[in-house]
Amino acid sequence: MSEKEKNQKPKNKDAGKIFLDEISKSPLTVTILAIVSGLILGGLLVAVTSEEVYQAFGVSFWSGVQASADAIWATYKALFYGSVGNPGKIISALKDGDPLAIRRAFNPFFDSLVVSTPYIFAGLAVALGFRVGLFNIGVEGQLFIGAATTVTAAIFLKGLPSIIHIPISLLAGFIGGGLWGFIPGWLKAATGGHEVINTIMMNYIAFRLSEFLLRGPLKNPEGFTPVSAPIEESAELFRFFDNPIRFHAGFFIALVVAYLVYLFLFKTTWGFTLRTVGANPRAAKYAGMNIMRSTVIAMFLSGGLAGLAGANEVLGVNHNLALAFSSGYGFDAIALALLGKNHPVGVVLSALLFGFLRNGAIQMQLSAGIPIDIISVLQALILAFIAAPAIIRTIYRLKEPDMDIDSVTLHGWGGN
Amino acid sequence: MTTNATAVKHELISPTRRRILGIIFIVIASLIWILFSRTLESGVQTTFRMVPGGSDQEIPNWVFSSLPMINVLAGVSLAAGGYQLARGFKKRTNLVLGLVGGMFIFAFLTWATADGSLNLAGLIRSALVKAVPLTLGALSGVLCERSGVVNIAIEGMMLTGAFVAALVGSLTNIWIGLLAAVLSGGFLALILAILSIKYKTDQIIAGTVINIFAIGITSFLSARFLQKYQELNNPGRFPTIEIPILSDIPFIGPIFFQHNLFVYAVFIFLFVITIALYYTKWGLRTRAVGEHPKAADTLGINVFRTRYVSVILGGFMAGFGGAYFTLGSVGRFDELMTAGRGFIGLAAMIFGNWNPFGSFSAGLLFGFFDALASKMAILKVPIPSEIMLMFPYLATMIILAGVVGRGQMPAADGQPYEKE
């Protein structure tokens, strides 16, 4: 018995070692460690910028450490309560059975899903571009234009049943955003003008255009502020619960669209062509694939997905269009597409993470006094670790992967 | 050798491009005629005031008949178009294009001011001031990209510079605030350099990381400290320095020589960077690394070190440009106060063909449209200012598309270098 154990032990160790090696090489490990590291650094930032912590360090070292821990704990507790819900409140609401209290208790969770929804669309937009070797920084602008075309369809088409009005409004957003992506795509294909610069420029043109529209043609004639009229009720996306829960059908539309993007990219010839162009344009060219057409199609689809993000916000949440209603979806979308390895499933998961973070941060700001902007810092840190996996590998002494399959291939300004 | 090469490139303006530009000149001429001349009654007068507000110079207003002036401008543009089609301006084509564009703008102003008055000196002065952050941002881009590293993080570096200048300037004094801003830009640039040179991260992604980080950290710290303790957000501003003698020149003096440190610094940097890039060994090496790193490496130039130095210098420049917002303009930090100026600076760099004086010209042009947009309401012109403000972006896209001549970006721009 004892001999057997002795014989087995080294074997087990080997198995364990192999297992650790595999984990160590897995790209997923890097992703998870990137998120964890980001959260740790975010916690440190909270502690370093907290006055209570400095005062406590003035008293003694240990009380300082304790104050830091308290500050970090309070921050992440508020973040959790704000994004998922307060378990205590949920249990007591369920016990009491008061429907309004139950809805209020579950509201943070559903609201996180609501916040995640535009992230799914926007993340898919960026991911689709990356898959074709295109860097779509213009999601923000495409989202604006999509929202503007959607709101136009949703306000000025009257007397339609919802079953027709909603798809038309969504389609309007898809086409609006798509056209805004098509222009830089076409410019890239026809003239070689780099899409990064053109989409940045198109963002600012979109901002100016939406300012113009909301001060002029789209402005609510009955109001004084640059806000559009409310959309027709027939165009509003279905909400599953009564107030205050805003959870609406858009979330499921986003999941369906994510699945469609998956099917398109991985199960169709067109998708294969686009991915080949992205992975190796030279090989694609020799195989007779039309790179120009792929570029234009990809940018149109990418813009269209971004337009759907805008449409979703208009039809599902705001029910009108206001100035600068989106703040930074475009940049966040880049981060989450990379976090999700440009795969629709990964994008949905990352979008949920970002949505829960962003929604929880609102509560965090209210109850723990931590400015919501810390979320941007977290996103930047996570993105830095994802973009430069070598940092994470060095810090945590991970093994090099056999092959870096998921690295994004982009091309310099010159487009070669 | 490089000057030779560019000279050759200029000589070889393709016949197609020559014809397209000729047609563009003629189109501009006819636009001047149709839009401005045909819509004006004869006998109206345009009045330009020649002294910017705040100056005590006394120069009589420039009053002239609107219609003849516009017709002359249309005629000269038409003649330029005809000559371009027939013979071509050769290497002066771009200069002529600029002049024709300028004539269009002048015709527009004459038309818009017909029967009214406009402070021309004030408009030019305002354009120059608005060009300052754009040019500093563009110079940051020039320094980075000439060595082959794309910097789309100018915006983030400027925002950080603005924040640090306000905070440190309030805690110590304005000069240390300026120094800290410059260093903070350099620090972010170091991160960009490490990510893109050492870790070979895609440079655009690395730049995006810095932009998101800068937006987050400045807003976070501002909400946490500056809004609570107002005394931390009161760095003061650099005073206006009137340059003796020069500031007394009529018209030009108040426009160019009555500013604070930042405006003069732009002029100094323009000359310093131009000389450094084109007339020193360092500049030749930097440009070589940006154009063909492998060849440069073969000749014994340390590609990595050259890129680190250039990117960090670019970061210093962006930090300095950021300090302009707090120490040179507003006197306090507001969240997201750079409002995309870093990206317009990037556009100005492209518009200016990756070249310091070109960037400055582009910055002036963009600044001019910015200044003009704020005057549109006064001029009672039926163009919404929002449409006017789209101009810099549209112009950049047109330039990038190569309609009026392709820019000459550094050949290895954006490509990480791998030593073999």
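Values quoted throughout were computed directly from the atomic coordinates according to the rules given, and no laboratory measurement underlies them. Since we're looking at a predicted model, the values are computed, not measured. So basically every Cβ, Gly included, is an ideal-geometry build from the backbone, and we count neighbours across all protein chains shown.
Summary table
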item	result
Cα centroid separation - segment B:254-273 against segment B:166-195, whole Å	21 Å
Orientation-averaged projected area, Cα convex hull of segment A:113-162 (nm²)	4.7 nm²
Net charge, A:Asn243 excluded, C-beta distance under 11 Å - Lys, Arg +1, Asp, Glu -1	+3
Too-long pairs where the Cα-Cα distance tops 30 Å, listed order kept, from A:Lys89/A:Lys219; A:Lys17/B:Lys294; A:Lys17/A:Lys267; A:Lys77/B:Lys228; A:Lys399/B:Lys419; A:Lys188/B:Lys91	A:Lys89/A:Lys219; A:Lys17/B:Lys294; A:Lys17/A:Lys267
Environment charge of B:Ile212, counting only residues whose C-beta is closer than 11 Å and scoring Lys/Arg +1, Asp/Glu -1	-3
Neighbour-count order for B:His292, A:His343, A:His248, fewest beta carbons within 10 angstrom listed first	B:His292, A:His343, A:His248
Shielding by partners, peptide A:208-219 (average Cβ within 10 angstrom, other chains)	3
Ranked packing of B:252-263, A:352-363, most packed first, by mean Cβ within 10 Å	A:352-363, B:252-263
Cα gyration tensor shape of chain B, rounded if a/c is under 1.5, else prolate or oblate by comparing a/b with b/c	oblate
Residue mean of other protein chain beta carbons inside 10 Å, A:330-341	2
FRET efficiency, B:Leu85 to A:Ala190 (Cβ-Cβ, R0 35 Å, nearest 0.05)	0.90
Segment B:Lys200-B:Glu242, extension gain: residue separation times 0.36 nm, minus the distance between their alpha carbons	10.4 nm
For the protein assembly as shown, share of DSSP beta bridges that run antiparallel, in % to the nearest 5	75 percent
Segment B:Glu58-B:Asp334, extension gain: residue separation times 0.36 nm, minus the distance between their alpha carbons	95.6 nm
Pairwise Cα inverse-distance average, inverted: Kirkwood Rh of segment B:147-266 (Å)	16.3 Å
Local electrostatic count, B:Pro254, Cβ distance below 14 Å [Lys/Arg +1, Asp/Glu -1]	-2
For segment B:149-295: relative contact order, % (alpha-carbon pairs under 8 angstrom, 6 or more apart)	23 percent
Mean projected area (nm²) of the alpha-carbon convex hull when the protein assembly as shown is viewed from all directions	45.8 nm²
At R0 = 56 Å, FRET efficiency that the Cβ-Cβ distance of B:Thr298 and A:Asp70 yields, to 0.05	0.40
Hits among aspartates and glutamates - C-alpha to C-alpha of A:Lys158 under 15 Å, sequence gap 8 or more where chains match	A:Glu232, A:Glu233, A:Glu236
Pair A:Arg103, B:Tyr278: separation of 7 Å Cα→Cβ label points (nm)	6.9 nm
Cβ charges +1 (Lys, Arg) and -1 (Asp, Glu), total dipole of chain B, debye	1040 debye
Relative frequency of Cα-Cα separations exceeding 32 Å in chain A, percent	45 percent
Extension gain (nm, one decimal) between B:Leu183 and B:Asn234, 0.36 nm per residue minus Cα-Cα	16.4 nm
Global form of segment B:295-420, assessed from the alpha-carbon gyration tensor, a/c cut-off 1.5	oblate
Those residues of segment A:247-286 whose amide nitrogen sits under 11 Å from the label point placed on A:Arg293, 7 Å along Cα→Cβ	A:270
Likely footprinting exposure, B:Leu31, B:Leu40, fewest C-beta neighbours within 10 Å first	B:Leu31, B:Leu40
Partner chain coverage, peptide B:215-227 - average Cβ within 10 angstrom	6
